[in-house]
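A short worksheet on the structure shown next.
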Amino acid sequence: MELLLAIFLAVLTVFVAMAFYYEHPKAEIPHGFSQRRKLYILHYVMNFGFGLAKFLEKVGITSEVHFLRFVMDGIPPLKDKYLLIKDLRFEKVKVRIYQPNIATTGQRRGILYFHGGVGQFGSIRAYERTCRYFARKSNSVVVSVGYRLAPEHPYPTQFEDCVTATIHFMRTAQDYGVDPSRIIICGDSSGGTLTAAVAQALVNRRDLPKLRAQILIYPFLQSVNFDLPSYQQNKGIPILLKERTLALGLKYLNMDLSITGALLKHCHIPEDLQLKYQKWVNPDYIAHEFKNRGYKPSTTYPFSEEIYTQIKPLLDSVFSPLLAEDSVIARLPEAFILTCEFDVLRDDGLLYKKRLEDHGIKVTWCHLQEGFHGTLFLALCGSMIAFRSGNKGLERIVNFLRLM
């Protein structure tokens with residue numbers, strides 16, 4: 001027995017050592033963050049997970065992406081007596097529908113939820129608690145969209161699946177007791193990217209009802225400038241470190257990670273496009289209050305035609321919705337945008353908010369002063385890993401939904 005225990009501990013030690021060898025970025029959490037120690041612990045646990053995933057792939061046990069998907073799926077919650085839950089397909093797209101059991105006098109609002117995970121992780125199961133929460137708290141019919149994942153299904157399959165599911169639901173909404181004029185699309189992180197892109201894709205559709213609203217939860221929205229104030233200030237703050245953001249995005253598009261340095265130096269945008277994009281992606285449009293933590297203007301580096309040729313998909317409005325033309329932005333539905341102070345993607349949300357408001361689109365903005373990327377997802381995964389800011393964000397979203 002003692003020999004088995006010793007072997008187990010030795011193997012575990014090797015796993016831990018290898019995990020930290022492959023994945024050991026340092027956290028840089030400001031002293032003003034009230035739950036600083038808890039976030040440090042979360043950071044090191046995540047580092048262990050990423051490192052272990054790489055190690056398991058290296059020794060041929062399982063692929064990195066499959067291990068991380070398994071971990072993210074977690075343990076599903078118990079049966080919910082307040083909801084009727086069904087697994088269906090909208091054409092070829094897997095969905096799970098959550099319908100409240102309580103009686104209602106009229107048709108409900110409908111919510112399509114696009115999960116995060118950079119197009120490679122996440123699932124209906126991983127976001128089970130999120131979708132149940134919104135269905136119960138807002139008395140809505142929620143459709144969780146199980147779009148297909150990369151790399152097995154390359155980009156832009158994820159966007160195409162979300163468009164397909166949205167159109168199908170808009171056409172059949174009444175079959176689920178939903179008012180077709182009260183359909184809202186919602187997503188977090190890369191799911192927020194998908195939400196913005198789907199809303200843009202539908203603005204010219206005259207054969208469909210108009211979306212009632214879009215909810216973007218700390219979304220990724222642009223690939224022009226990775227040196228905005230939020231990228232500088234929060235580059236080492238869990239859970240979405242700056243370099244991890246770029247690495248995951250490039251893997252999603254099946255691009256060579258060797259171009260990361262060029263993206264960080266802004267070598268990828270030709271001068272004519274720089275002039276165009278400066279109207280929309282510009283640190284001058286970020287309020288001074290968001291530059292107090294040591295922001296410095298970017299250094300300019302020479303343009304590389306070779307890099308630009310490789311990264312053109314990054315600048316497509318499906319991947320970078322902030323770069324959509326004014327004619328599209330002007331026709332978008334009302335929006336709710338949630339940003340977090342300690343998130344590299346904070347300024348993407350701020351800049352999109354400005355673009356929408358400049359075109360007369362109503363925006364409800366929720367900014368979490370102690371929020372970080374992923375804080376809402378963690379709030380629903382159990383009290384041990386929940387952070388106070390996440391609960392505040394969830395309440396604000398529910399309050400917005402109740403007005404729709």
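The values are calculated or read from the model by the stated rules, or taken from the named source; none is laboratory data. Just so we're clear, the structure is a prediction, and the values are computed from it rather than from any experiment. Every residue, glycine among them, receives a Cβ derived from its backbone with ideal geometry; neighbour counts consider all protein chains shown.
Tabulated data for the structure shown
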item	result
Members of region 253-281 found to be in contact with a helix residue (DSSP H, G or I) (Cβ under 8 Å, 6 or more places away or on another chain), of a type outside the set (Asp, Glu) and not in a helix (DSSP H, G or I), listed by number	253, 255, 267, 268, 269, 270, 280, 281
Filtered residue count, region 325-373, keeping only those that are aliphatic (A, V, I, L, M) and either at positive phi or not in a strand (DSSP E or B) (or both)	10
Qualifying helices (runs of 4 or more DSSP H) (wholly inside region 117-216; at least 1 residues being surrounded by fewer than 21 Cβ atoms within 10 Å (Cβ to Cβ) and among the β-branched types (Val, Ile, Thr))	157-172
Matching residues in region 374-395 - criterion: being buried (at least 17 other Cβ atoms within 10 Å of the Cβ) and in a helix (DSSP H, G or I)	375, 376, 377, 378, 379, 389, 390, 392, 393, 394
Condition check for residue 110: more than 21 Å from the chain's Cα centre (by Cα), outside the structural domain of residue 53 (by TED's automatic domain parsing), over 19 Å from residue 377 (Cβ atoms) and among the small types (Gly, Ala, Ser)	no
Those residues of region 296-324 which are closer than 20 Å to residue 247 by Cα and in a loop (DSSP other than H, G, I, E, B), in sequence order	304, 316, 317, 318, 319, 320
Complete set of residues in region 202-225 that are of a type in the set (Gly, Ala, Ser) and closer than 18 Å to residue 173 by Cβ	213
Verdict on residue 313 being touching a residue at least 24 places away in the same chain (Cβ under 8 Å) and surrounded by fewer than 20 Cβ atoms within 10 Å (Cβ to Cβ)	yes
Residue that is farthest from residue 110 (Cα to Cα), among those in region 364-401 that are touching a Ser or Thr at 6+ places or on another chain (Cβ under 6 Å) and not aliphatic (A, V, I, L, M)	370
Output for region 227-252, where each listed residue is of a type in the set (Asp, Glu) and in a loop (DSSP other than H, G, I, E, B)	227
